[in-house]
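The next block holds one structure in the form of structure tokens; read it before the comments.
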Amino acid sequence: MICIKNLSKHFKNETAIDYKDMTFEDGKSYMLLGASGCGKSTLLNMIAGILSPEGGSIEVNSVDITTLSQKERDKLRIEKIGYIFQDFKLITDMSVIDNINILRLEGVNTEGADKILEALDILDKKNKKVKHLSGGQKQRVAIARAIVKEPDIILADEPTGNLNFAIGEEVIKTLVEISKGKTLIAVTHDDRLAKYFDYVIDMNEMTGGRRDV
Ligand SMILES: Nc1ncnc2c1ncn2[C@@H]1O[C@H](COP(=O)(O)OP(=O)(O)OP(=O)(O)O)[C@@H](O)[C@H]1O
Ligand SMILES: [Mg+2]
């Protein structure tokens, strides 16, 4: 379970975002909607322990990660969190499988890679360089890399951002299917995808306190 309380983030005294309290239950899927700039990516980055808040707490399985050192947060992220970034963060000059196997450097067991690539229907692209793949295929590589370590929590920032609706819908269906039993928090602008999630959270309402300072 992820519990967020009194959370606030300030960027260099320019923007301050106050988040209302939220709880994400184990094994449920959440879709985050909201206007550009309302603080969706910032929230995912704080849950992942990449950004630190200025106030409040983020409990992940009863541990307040805001009290941990950066090293401890990195360890937690590597072990428990799969993060699909808005811009994929794939190494385009490397093959699909090497983009996954590189996680071995962090101690991740990648033996399940073939099975996941097959479920995502890109096993035949395994040895192709990422730069030679289509947008939807890259997206699926990013998903495969995030879930190969069987994380408890999957964070997905606009996993369909660059895809047309039909392909985006397929990617979301697969992501939700493959995330069964895990906590999935996905940002998307497309409310037509809401039906695939257990809960939809309007982040405009949850960040009502955003102000320029
Ligand atoms: N590194 C940063 N430095 C300064 N301000 C930042 C930084 N990152 C984000 N912000 C500000 O914080 C606010 C929230 O940004 P965030 O990236 O979380 O928005 P978002 O909801 O993900 O938007 P989008 O839908 O466009 O991706 C914005 O006003 C943005 O300008
Ligand atoms: Mg964003």
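Values quoted throughout were computed directly from the atomic coordinates according to the rules given, and no laboratory measurement underlies them. All figures in this text were calculated on a predicted structure; none of them were measured in a lab. FYI the Cβ positions are ideal-geometry reconstructions off the backbone, even for glycines, and counts take in every protein chain you see.
Applying 1/(1 + (r/R0)^6) with r as the Cβ-Cβ distance of M94 and A35 and R0 = 35 angstrom yields a FRET efficiency of 0.50.
So which GluC sites (Glu not before Pro) in the stretch 99-170 pass both tests, a DSSP loop state and at most 10 other Cβ atoms within 10 Å of the Cβ? Those satisfying the criteria are E111. Listed by chain and number, the lysines placed with their C-alpha closer than 19 angstrom to that of K131 are K89; residues fewer than eight positions away on the same chain are left out.
Backbone phi angles across the stretch 60-68, fed through the Karplus curve with coefficients 6.51, -1.76 and 1.60 (θ = phi - 60°), yield HN-Hα couplings of 10, 6, 6, 9, 7, 5, 6, 8, 8 Hz in residue order; Gly and Pro are listed as x.
Computed 3J(HN,Hα) for the stretch 156-163, one whole-Hz value per residue from the Karplus formula 6.51 cos²θ - 1.76 cosθ + 1.60 where θ = phi - 60°, is 10, 9, 6, x, 10, x, 9, 10, glycine and proline marked x. Phi angles across the stretch 167-183 convert, under the Karplus curve 6.51 cos²θ - 1.76 cosθ + 1.60 with θ = phi - 60°, into 3J(HN,Hα) values of 6, x, 5, 4, 4, 5, 4, 5, 4, 5, 4, 6, 9, 3, x, 10, 8 Hz, Gly and Pro given as x. Against the compact-protein benchmark of 2.2 N^0.38 Å, the Cα-based radius of gyration of the chain scales to 1.00.
In debye, nearest 20, what is the charge dipole magnitude of the chain about its Cα centre with +1 on Lys and Arg Cβ and -1 on Asp and Glu Cβ, if you could check?
On the way: 30 positive and 33 negative charges, 98 e Å.
Its charge dipole is roughly 480 debye.
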